[in-house]
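See below for the structure under consideration.
Here, each number is a calculation from the coordinates, and none is a lab measurement. Because the structure is predicted, anything quoted here is derived from the model rather than measured. Quick reminder, even Gly has a Cβ in these numbers, built from the backbone with ideal geometry, and neighbours come from all protein chains shown.
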Amino acid sequence: MKVCTHCGESFEPKFPTAKLCYSCWLLREAMLEEYPELEREVRTLRLALERKAPPAIPPDILKILIGCCHPDKHGNSKSSNTATRWLLEQRTSATQFKETSPW
Ligand SMILES: [Zn+2]
């Protein structure tokens, strides 16, 4: 007799190396069979969630922020150019999201 490493029940092993009772072994086999399919499903759902995620900055706020940090209002400083460029990229990303979203 051995003790199943999963459920703790005693069982009569069919093989000297068996660590799982027959019920737990069957369960493990079923899970291993489903694993690749579940992995694909998780990957698909993650991609769908990423595409469905709303833009980090709402479009109306983004427009205000671009106006506030525009280089014309800050002596064409390097910081204002960097910030404006990044904000404009967010606007582009949000537009692309709407165009590619299946929902
Ligand atoms: Zn077991």
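Can you report the number of residues in segment 66-81 which are without any contact (Cβ under 8 Å) to a residue 12 or more places away in the chain and either assigned to a helix (DSSP H, G or I) or polar (S, T, N, Q) (or both)?
The first filter runs over segment 66-81 and keeps only residues without any contact (Cβ under 8 Å) to a residue 12 or more places away in the chain, leaving 67-68, 72-81.
Restricting the remaining residues to those that are either assigned to a helix (DSSP H, G or I) or polar (S, T, N, Q) (or both) gives 67-68, 72-73, 76-81.
Qualifying residue count, segment 66-81: 10.
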> Given (1) away from the ligand (no atom under 16 Å from the Cβ); (2) surrounded by 10 or more Cβ atoms within 10 Å (Cβ to Cβ); (3) part of a loop (DSSP other than H, G, I, E, B), where does PRO54 come up short, assuming only one miss?
Replying inline: (2)
>> If I go through segment 4-51 residue by residue, how many of them are among the β-branched types (Val, Ile, Thr) and within 9 Å of the ligand (Cβ to nearest atom)?
In response: 1
